[in-house]
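The structure appears right after this line, and notes come after that.
What follows draws every value from the coordinates through simple rules; no lab data is involved. Note that the structure is a prediction, hence the values are computed from the model and not measured. Using ideal geometry, Cβ is built from the backbone for each residue, glycine included, and neighbour counts are taken over all protein chains shown.
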Amino acid sequence: MIHYAIKYGKEIVPYSKDLARLRIEVFREYPYLYDGNYEYEEKYLAKFSEVEDAYVVLVFDKEQVVGAFTGIPMRFEDATIVCHLPQDTLNNSFYLSEIVLQNNYRGKGIGMHLFHLLEEKIISLKKYNRIYFASVVRPENHPQKPIAYKSLDAIWLSKGYTPTPYLCTMSWKEIHEKTESEKTLALWEKVI
């Protein structure tokens, strides 16, 4: 039975291992190709239980966590993401960090429901007037791109998000790399 829960602050801590597992599993796929490890994930995920207004929406199948959507006020996000934005907008902007859903739960509306729940929570706070997220930019002819891969851009546009002119970079180790390398990400924005 599928059910959802919104967690905040220390309520997130018991789910850290599940979140790490999902991030490593889902981001290993194209377009991220992330070669993750639990040590990094523990450090990265700690901020969600430590800062004001960070939320995680979890989706469960019975008692197993099969998906999650994380978000955090933009002022707490990594400097590589916020560096291009006007400083006076950081306090009233929110960042959708990642949505991760196990493969066999996709295409059933679960991911979109996660998206809706987190957006609804952000809007209900009445503190934020912009929501951002970043998507990795890959060339059309990327050698790891699956034949059946479909960009999610049309979905983001239908949800009221528009690409900004801002690009940022983040480094991570891909599954076929020996060391980390920089990746380009595009920032998307929705005014609420």
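Diagonalising the gyration tensor over the Cα atoms of segment 2-191 and scaling each eigenvalue by 5 before taking the square root yields semi-axes of 23, 21, 18 Å, largest first. With R₀ set to 30 Å, the beta-carbon distance separating residue 142 from residue 79 gives a calculated FRET efficiency near 0.65.
Suppose R0 equals 35 Å. What FRET efficiency, 1/(1 + (r/R0)^6) with r the Cβ-Cβ distance, do residue 105 and residue 126 give to the nearest 0.05? Rounded to the nearest 0.05, the efficiency is 0.65. Any of 7/159; 47/145; 47/150; 126/159 with alpha carbons more than 27 Å apart? Name them for me. As for pairs spanning more than 27 Å Cα to Cα, those are 47/145; 47/150. With both residues required to sit in the chain, DSSP beta bridges show an antiparallel share near 90%.
Each part reduced to its alpha carbon centroid, segment 146-192 and segment 49-106 end up 14 Å apart. Highest mean packing first, where packing is the average number of other Cβ atoms within 10 Å per residue, the peptides 119-128, 17-26 line up as 17-26, 119-128. Going by the alpha-carbon gyration tensor, a ≥ b ≥ c the square roots of its eigenvalues, is segment 1-62 rounded (a/c under 1.5) or, if a/c is not under 1.5, prolate (a/b greater than b/c) versus oblate? Oblate is the answer for segment 1-62, as a/c is 1.5 or above yet b/c matches or exceeds a/b.
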